[in-house]
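These notes are about the structure you will find just below.
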Amino acid sequence: MSDKENGPPEGSAWAELKLPDLLFTDTIRELHAAIGKEWDSLQQSACQTAAGRAMWKHVVHDPVAGLLAGETHLKSFYDKINKDRLNNAREISGVILAVRTLWFDSKLEAALSSFNGGEAQVVLLGAGMDARAYRLSCLKESDVFEVDFPEVLQIKTSLLQAAMEPTNEYQHLRMTAKSLTRVAADIREHDWVEKLQKSGFLREKNTVWVLEGILYYLSHSQAMQVLKMIADNCCVTHTVLLADFMNKSSTMLSTSTFHFYSDWPDHLLPTLGFSDVKLSQIGDPDANFGLMHDPLNMFNKLRSLPRSVQTHPDDGTPCRRLYLVQASGSPR
């Protein structure tokens, strides 16, 4: 994808890396030093996602993404983008993350609107450094629950509290959600739903479940357990699932940290209890956002092939797909 098709013109958004001043304070430095020293690759992926959103700020509105990402991840992402631009890459680093973020934002807003103005719950599983509770106005009538490892939520909370101190650059940052509850739990275990309910989650209340960039880090049995527990809520109340799925080819690299995959998530989810499932691929009309115009972009080339094809007929490379899936169900 050329620069003109993939973002702003030369010399604008990516011309210079401007780090938030707050990153250079002792408190924030110590917090990010702890992240670098104590977090594993799965936990640090939360900072990488925040860095991607910060680098694509010309299309993704996330004012605290840079602070949550930290200097190391911001510089690493910036270097990748510059390398891609110098090499005239068709897919600039982070473009998929930007499209994915925008898709989840738009579908979350639409799902909440479908409840006809009624109050709702939004559960962010594997929330990481997600800041939707501070940036999306559509959450103003929603109780938001962020579920993640205790150490992730603790440092994230400390970063945001430091940011909102009266003397700091983010002092005007305010929560846009009706309420925000952080739930320390590992969704790979069987007790995370119990912990969620003890934190105030109500099964009978309309709920949107957001699983962005999380399912493929789980084993098959863990991912199926999570999806089944969410699907079970369809028997109780109006339930919406927003999730992204990788296909098999995307998880087959020898160095891959990804495990769970589904080539046909739109076939899988109805078997679990969802009655309405819609699937999009990167580049589709609702998963484009003006960032995927080049017909030779990798994802546009994949869209022209049947989903059953695992290797590209032109060059034999794996067909690595990312599916964006919206599913819903209600008591019959």
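Overview of values
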item	result
Of residues in region 106-158 being touching an Asp or Glu at 6+ places or on another chain (Cβ under 6 Å) and among the acidic types (Asp, Glu), the one nearest to Ile35 (Cα to Cα)	Glu141
Meets criteria (among the hydrophobic types (A, V, I, L, M, F, W, C) and either farther than 27 Å from Trp56 by Cα or open to solvent by less than 30 Å² (accessible area, probe 1.4 Å) (or both)) for Phe299	yes
Out of Asp294, Asp314, Asp244, sole residue that is under 24 Å from Asp84 (Cβ atoms) and modelled with pLDDT of 95 or more	Asp244
Among (1) open to solvent by 10 Å² or more (accessible area, probe 1.4 Å); (2) in contact (Cβ under 8 Å) with a residue 24 or more places away in the chain; (3) farther than 21 Å from Arg320 by Cβ - the single one Val240 does not satisfy	(1)
Subset of region 198-224 [touching a residue at least 12 places away in the same chain (Cβ under 8 Å) and over 20 Å from the mean Cα position of the chain (by Cα)]	Ser199, Gly200, Phe201, Leu202, Arg203, Glu204, Lys205, Asn206
Conditions (1) surrounded by fewer than 22 Cβ atoms within 10 Å (Cβ to Cβ); (2) touching a helix residue (DSSP H, G or I) at 6+ places or on another chain (Cβ under 7 Å); (3) assigned to a loop (DSSP other than H, G, I, E, B); number of the one not met by Ile92	(1)
Residues of region 41-59 satisfying the condition of being surrounded by fewer than 21 Cβ atoms within 10 Å (Cβ to Cβ) and either outside any helix (DSSP H, G or I) or of a type in the set (Gly, Ala, Ser) (or both)	Ser41, Ser45, Lys57, His58, Val59
Enumeration of residues in region 37-66 that are more than 20 Å from Leu136 (Cβ to Cβ) and aromatic (Phe, Trp, Tyr)	Trp39
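Quick grid of which residues meet (1) of a type in the set (A, V, I, L, M, F, W, C); (2) open to solvent by 30 Å² or more (accessible area, probe 1.4 Å); (3) in contact with a strand residue (DSSP E or B) (Cβ under 9 Å, 6 or more places away or on another chain); (4) outside the structural domain of Leu196 (by the TED database):
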{"site": "Ala69", "(1), (2), (3), (4)": "yes, no, no, yes"}
{"site": "Lys83", "(1), (2), (3), (4)": "no, yes, no, yes"}
{"site": "Leu108", "(1), (2), (3), (4)": "yes, no, yes, no"}
{"site": "Ala120", "(1), (2), (3), (4)": "yes, no, yes, no"}
{"site": "Leu124", "(1), (2), (3), (4)": "yes, no, yes, no"}
{"site": "Asp130", "(1), (2), (3), (4)": "no, no, yes, no"}
{"site": "Glu141", "(1), (2), (3), (4)": "no, yes, yes, no"}
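The values are calculated or read from the model by the stated rules, or taken from the named source; none is laboratory data. Keep in mind that this is a model prediction, so the values were computed, not measured. Neighbour counts run over all protein chains shown; Cβ positions are idealised from the backbone, glycine included. Each accessible area value is taken on the protein alone, full model and side chains, heavy atoms only, with ligands, DNA and RNA left out. Shrake-Rupley method; radii C 1.70, N 1.55, O 1.52, S 1.80 Å.
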